[in-house]
Each structure stands twice: as C-alpha cells, then as structure tokens.
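The values are calculated or read from the model by the stated rules, or taken from the named source; none is laboratory data. Treat the numbers as computed from the prediction; the structure is a model and nothing was measured. Cβ sites come from the backbone with ideal geometry, for glycine too, and all protein chains shown count toward neighbours.
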C-alpha cells in the first residue's frame with residue numbers, strides 16, 4: 001500500500017525515509033523548492049509536488065502529515081474531506097474543538113485518523129504499560145516525567161508544547177484516564193512570553209498524580225520516567241531504552257525498605273519506534289483496525305496542553 005506524505009522537512013525527512021524503506025511512499029508534497037530538489041535526488045521514483053492539493057488528487061488511500069503544528073487541523077481536515085485516511089504528527093491540533101472536529105469528521109467519513117504519539121510505540125513503553133496494569137508494582141501513586149536538555153530554543157512554542165506533547169500522551173496512556181485537574185507553571189528567561197522551563201502537574205480520578213518537567217535550558221540531557229508504587233519503583237531511561245525495578249519504599253512504620261534494583265527490560269534492538277508506528281498505521285488501513293494512538297485518544301492530550309497553555313499565558 002502506498003501513501004502520500006505532506007511536509008518533508010524536519011521530522012518529515014524521517015517519515016519519508018521510513019515510508020520509502022517500507023515501500024509505502026507514493027508521493028510527497030513539499031512547499032520549499034530547494035527541499036523538493038533534494039527529495040527528487042533521494043527518491044527518484046517518487047512523485048514530488050509543490051503543495052498538498054496536487055498530492056490529494058492522487059489515487060492514494062492515505063496521507064501522512066508532518067507540517068508545522070499550526071497547520072495540522074486545516075490540512076488533516078482537507079485530507080479527510082478528500083476521502084483519505086490520515087496520520088498526523090503530534091499534536092493533532094492546537095485547540096480542543098479542532099481536535100474534536102477532526103475526530104467527528106473521520107468517523108463520518110469512515111476513515112482512520114491516527115496521531116504520531118511516538119513514545120507509545122517504544123517496545124519499552126508497551127512493556128511498562130503491561131507491567132503497571134498487571135499490579136506488579138502495587139497501587140500506583142505517582143508518575144514523574146523529565147525531558148530536559150540544553151536544547152534547540154523555539155521562538156513561538158514554549159518548552160511544554162515543543163518537548164512535552166509526547167510525555168502528556170505517554171502519561172495518559174499509562175494511567176488509562178484523562179486527568180480531572182491540571183496545573184502548569186513556567187519561566188520565560190530568554191524571550192518574553194515563551195517559557196523555557198515548564199512544570200506540569202496532573203491529578204487523575206483514581207488518586208494517581210503525575211508530573212512533567214520540560215526544559216531546553218538545562219545542563220544535562222535527561223529523558224526519564226519514574227513510577228512510584230506501593231510495592232516498589234520503576235525507572236524508564238528513554239536514552240538507554242532500559243527499565244529498572246527498584247524494590248524499595250517506605251514501610252508502614254515509616255522505616256526504609258531496600259531490597260536492591262535490577263534492569264528488568266532492555267528495548268534496544270527490538271525495533272525502531274517510527275518504523276513500528278508506521279507499520280501499525282499501514283496495518284490498521286489494511287485490516288480496518290483502530291489505531292493505538294487514534295484521534296479520539298489524542299483529544300484529551302490536546303485538552304491538557306490547551307489548559308496548561310492558558311494558565312501559562314495568564315501568569316505572564
């Protein structure tokens with residue numbers, strides 16, 4: 001099955017490469033002429049178009065959208081109205097009502113709508129979800145997500161929107177619920193009104209609390225999730241794709257318990273998550289299955305980000 005790709009700069013380059021390797025790249029739409037020339041040299045067998053309208057006229061069943069976030073809603077809507085299945089990179093949209101409109105339109109058109117929440121396709125994350133759901137860690141009390149680095153500074157998106165979208169999607173996936181309350185705090189140091197460092201706190205109905213710290217103004221690269229439960233603690237190191245189980249905690253008499261730690265899962269060599277994600281999309285098209293990261297599951301993610309951004313703007 002061949003699909004079209006709209007937007008091949010930045011992350012879109014990786015999508016083009018992976019789709020081509022899978023034999024599924026049926027056409028590319030890219031606005032920039034210099035990039036179109038580069039793509040033509042890389043993929044001489046793939047038609048290249050200067051805009052998505054021409055690509056949408058092709059007899060291709062689906063479109064993969066990797067354009068700037070502000071355009072996701074309008075381009076995804078255009079593709080759905082053209083009768084295409086749609087894979088759109090995160091976030092699905094910048095406003096909740098837009099995300100809900102896309103979900104309703106996909107349902108009306110009978111089309112698959114999938115969102116590129118890449119972390120959900122990491123083998124380590126799938127293992128982590130099964131482990132937590134099994135009750136092996138006991139009651140889950142809190143989840144802590146860190147995405148920190150001396151990274152590339154954005155001029156429009158704040159650190160949460162730039163770095164934390166995947167983390168919000170991951171936390172909602174692991175808990176299996178949308179939060180009932182959100183609180184966000186941030187600090188804009190380098191530019192007015194663009195937070196370089198953001199803390200996001202989530203309250204879930206069953207008592208689970210979750211916390212995200214996203215920053216591009218940090219001395220160390222840190223991509224880590226820590227889960228605190230009644231029977232122990234888990235640490236997922238995203239860079240190493242390894243999960244460590246710490247058999248430690250606090251006893252009822254408030255004394256410490258420490259029975260050591262061990263690596264319980266290693267995800268390296270178990271498949272590139274982007275390849276697994278796109279294979280899942282193609283499989284959903286072929287089999288008519290519901291994607292793991294479908295549009296409906298992405299709406300609460302957009303709702304959390306929208307509310308967090310509202311709070312950050314109000315505090316400026």
Could you say whether any residue in the range 76-91 is farther than 15 Å from residue 113 by Cβ, surrounded by fewer than 18 Cβ atoms within 10 Å (Cβ to Cβ) and not assigned by TED's automatic domain parsing to the domain that holds residue 166? no
Could you tell me whether any residue of the range 70-82 is without any contact (Cβ under 8 Å) to a residue 24 or more places away in the chain and either in contact with a strand residue (DSSP E or B) (Cβ under 6 Å, 6 or more places away or on another chain) or assigned to a strand (DSSP E or B) (or both)? yes
Please specify each residue of the range 43-53 satisfying the condition of being exposed (fewer than 14 other Cβ atoms within 10 Å of the Cβ) and more than 12 Å from residue 8 (Cα to Cα). 44, 45, 53
Condition set touching a helix residue (DSSP H, G or I) at 6+ places or on another chain (Cβ under 9 Å) and more than 12 Å from residue 47 (Cα to Cα), scope the range 21-30, selection surrounded by the most Cβ atoms within 10 Å (Cβ to Cβ): answer is 24
Of the residues 300, 219, 273, 291, which single one is over 16 Å from the mean Cα position of the chain (by Cα) and either on the phi < 0 side of the Ramachandran plot or exposed (fewer than 12 other Cβ atoms within 10 Å of the Cβ) (or both)? 219
Within the range 190-199, is there a residue that is within 26 Å of residue 240 (Cβ to Cβ), within 17 Å of the chain's Cα centre (by Cα), assigned by TED's automatic domain parsing to the domain that holds residue 162 and assigned to a strand (DSSP E or B)? no
Going by what's in this entry, would residue 103 be described as in a helix (DSSP H, G or I) and either closer than 30 Å to residue 60 by Cα or touching a strand residue (DSSP E or B) at 6+ places or on another chain (Cβ under 6 Å) (or both)? yes
